[in-house]
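**Student:** The following block contains the structure, expressed as structure tokens.
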Amino acid sequence: MRTVMIMATMAIAAVAYILFFSVDPNGRNTNQYNLLFPDLFNALDKVEKIKLEKEDNKLVLKKTGEQWLIESADNYPANVSAIKKFLLNLTEIKTLSVKTTDPSLYRSLAVNNIEEEGQNRFQITIFIESGTEVAKFTVKEKFHNDNRTFIKKADKQEVFETQGAFALSVNKIKWLRADITDLPSKEINRISVDHLDEQFTLIRMNDSSIHFKIDELDDDLSEKSPVFTSALAAFLESLKFNDVKGKKIIIDSKRLSSFIFATTSNEEIKVEDFQTASGVFTEFSIVKKPSLETNSIFTDPNLIHKFVFKLPKYKRRLLDRRLSELTKKSSNE
């Protein structure tokens, strides 16, 4: 019995200890007191706009209805999970100490005005309903040990050393899902290639799930390698993009080439390249619509109708290959 009473007394003392050290004299929870943005959590469902700025680059994320869009990507849908994680991470940032209140030291800590010269830093502004700013701050881009950095709120003189990791990027690709399609090469039967100055067709070799050959190749030419020839069939596998713009960018733009990928399910996917002021962008469409039983080829068919895409270099090289790169002069016997 005595042992039970001792254990009970120790438990009560432990609870009292925790309560004493978790509440400050003003009645505020210590964790809440140390948070850099203590009011942000309760405003998360009201956030409608996020602006990230770095030097001359700016990324704007905005909420329209229930959907988040990337304003600087012609309103391409944003990755909602990435935005939610970003905002939640902001609510968890803790202040460790006040580093300075001296404006002359702001630049050395990489928290001076974003329009001034200085070290790499971001200015982040969070807006809620009616365009009201709920948070605006400058943060040093490079974190140091244990996810620490320096942050200065726009309306305060204090520069805090903080702890807590969160995403910092004005690269639009980091804020969206960049998947276009993932169609295995084994599902491609035929590829029609139409460059400005030449046309040729690749067809699947009989009894092969991998290799293609050039259809009706001139007698004086031979293929360098079946593997090299067949590489284009893998173009639609794990296809992602590096940039995205609305289709208006290709209006009056020069068409460079087009490709039609015919599938084993009798579907036809058209791929067209256009030279724009921002580089080569690619348009995707369905020439021959898939059957009702077939799942959509594209990750989001609705977006394919509205946007064109800049492709990674390794995918771009597949489309740019010419007949001269696939063939060689036949040796005389």
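**Student:** So which of ASP146, ASP74, ASP102 ends up being surrounded by fewer than 18 Cβ atoms within 10 Å (Cβ to Cβ), at pLDDT 95 or above and on the phi > 0 side of the Ramachandran plot? It would help to see each step written out before you state the result.
**Tutor:** Numbers: ASP146 fails: at pLDDT 95 or above; ASP102 fails: on the phi > 0 side of the Ramachandran plot.
So the residue among ASP146, ASP74, ASP102 that is surrounded by fewer than 18 Cβ atoms within 10 Å (Cβ to Cβ), at pLDDT 95 or above and on the phi > 0 side of the Ramachandran plot is ASP74.
**Student:** Another one. Answer with yes or no whether LEU87 is part of a strand (DSSP E or B), in contact with a helix residue (DSSP H, G or I) (Cβ under 6 Å, 6 or more places away or on another chain) and surrounded by 18 or more Cβ atoms within 10 Å (Cβ to Cβ). Even if it seems obvious, please write down each step before you answer.
**Tutor:** Working: part of a strand (DSSP E or B): no; in contact with a helix residue (DSSP H, G or I) (Cβ under 6 Å, 6 or more places away or on another chain): yes; surrounded by 18 or more Cβ atoms within 10 Å (Cβ to Cβ): yes.
Against the criterion (part of a strand (DSSP E or B), in contact with a helix residue (DSSP H, G or I) (Cβ under 6 Å, 6 or more places away or on another chain) and surrounded by 18 or more Cβ atoms within 10 Å (Cβ to Cβ)), LEU87 does not qualify.
**Student:** Has segment 158-166 got any residue that is surrounded by fewer than 21 Cβ atoms within 10 Å (Cβ to Cβ), among the polar types (S, T, N, Q) and in contact with a strand residue (DSSP E or B) (Cβ under 6 Å, 6 or more places away or on another chain)? Can you show your working first?
**Tutor:** Within segment 158-166, the subset surrounded by fewer than 21 Cβ atoms within 10 Å (Cβ to Cβ) is 158, 161, 163-166.
Going one step further and asking which of them are among the polar types (S, T, N, Q), we end up with 163.
Keeping just the survivors that are in contact with a strand residue (DSSP E or B) (Cβ under 6 Å, 6 or more places away or on another chain) gives 163.
Taking every residue of segment 158-166 in turn, at least one turns out to be surrounded by fewer than 21 Cβ atoms within 10 Å (Cβ to Cβ), among the polar types (S, T, N, Q) and in contact with a strand residue (DSSP E or B) (Cβ under 6 Å, 6 or more places away or on another chain).
**Student:** Which residue is nearest to ILE173 (Cα to Cα), if the candidates are limited to segment 81-99 and must be among the hydroxyl-bearing types (Ser, Thr, Tyr) and touching a strand residue (DSSP E or B) at 6+ places or on another chain (Cβ under 8 Å)?
**Tutor:** Our first condition is that a residue be among the hydroxyl-bearing types (Ser, Thr, Tyr); within segment 81-99, this holds for 81, 91, 95, 97.
From what's left, touching a strand residue (DSSP E or B) at 6+ places or on another chain (Cβ under 8 Å): 91, 95, 97.
Numbers: THR91: 24, THR95: 30, SER97: 34 Å.
So the residue we want is THR91.
**Student:** Please specify each residue of segment 243-274 satisfying the condition of being over 12 Å from VAL308 (Cβ atoms) and of a type in the set (S, T, N, Q).
**Tutor:** The answer is SER257, SER258, THR263, THR264, SER265, ASN266.
**Student:** Just give me the residues in segment 36-54 being in contact (Cβ under 8 Å) with a residue 60 or more places away in the chain and of a type in the set (D, E, K, R), in sequence order.
**Tutor:** ASP39, LYS46, GLU48, LYS49, LYS51, GLU53, LYS54
**Student:** Out of segment 238-273, which residues are surrounded by fewer than 17 Cβ atoms within 10 Å (Cβ to Cβ) and touching a Pro at 6+ places or on another chain (Cβ under 6 Å)?
**Tutor:** ASN242
**Student:** Any residue at all in segment 109-132 that is out of contact with any Lys or Arg (no Cβ under 8 Å at 6 or more places or on another chain) and in a strand (DSSP E or B)?
**Tutor:** No, every residue in segment 109-132 fails to be out of contact with any Lys or Arg (no Cβ under 8 Å at 6 or more places or on another chain) and in a strand (DSSP E or B).
**Student:** Further question: Quick one: count up the residues across segment 200-235 that are surrounded by 15 or more Cβ atoms within 10 Å (Cβ to Cβ), within 18 Å of LYS186 (Cα to Cα) and touching a residue at least 60 places away in the same chain (Cβ under 8 Å).
**Tutor:** 6
**Student:** Further, regarding this structure: Condition first: under 30 Å from VAL244 (Cβ atoms), crowded, with 17+ Cβ neighbours inside 10 Å and in the same structural domain as LYS63 (by TED's automatic domain parsing). Can you find one or more residues in segment 182-199 that meet it?
**Tutor:** no
**Student:** Turning to a different aspect of this structure: Out of everything in segment 108-143 that is without any contact (Cβ under 8 Å) to a residue 24 or more places away in the chain and of a type in the set (Ser, Thr, Tyr), what residue ends up being surrounded by the fewest Cβ atoms within 10 Å (Cβ to Cβ)?
**Tutor:** The qualifying residue surrounded by the fewest Cβ atoms within 10 Å (Cβ to Cβ) is SER130.
The values are calculated or read from the model by the stated rules, or taken from the named source; none is laboratory data. All values derive from a computational prediction rather than experimental measurement. When we count neighbours, we look across all protein chains shown, and the Cβ atoms used for this are built from the backbone with ideal geometry, even at glycine.
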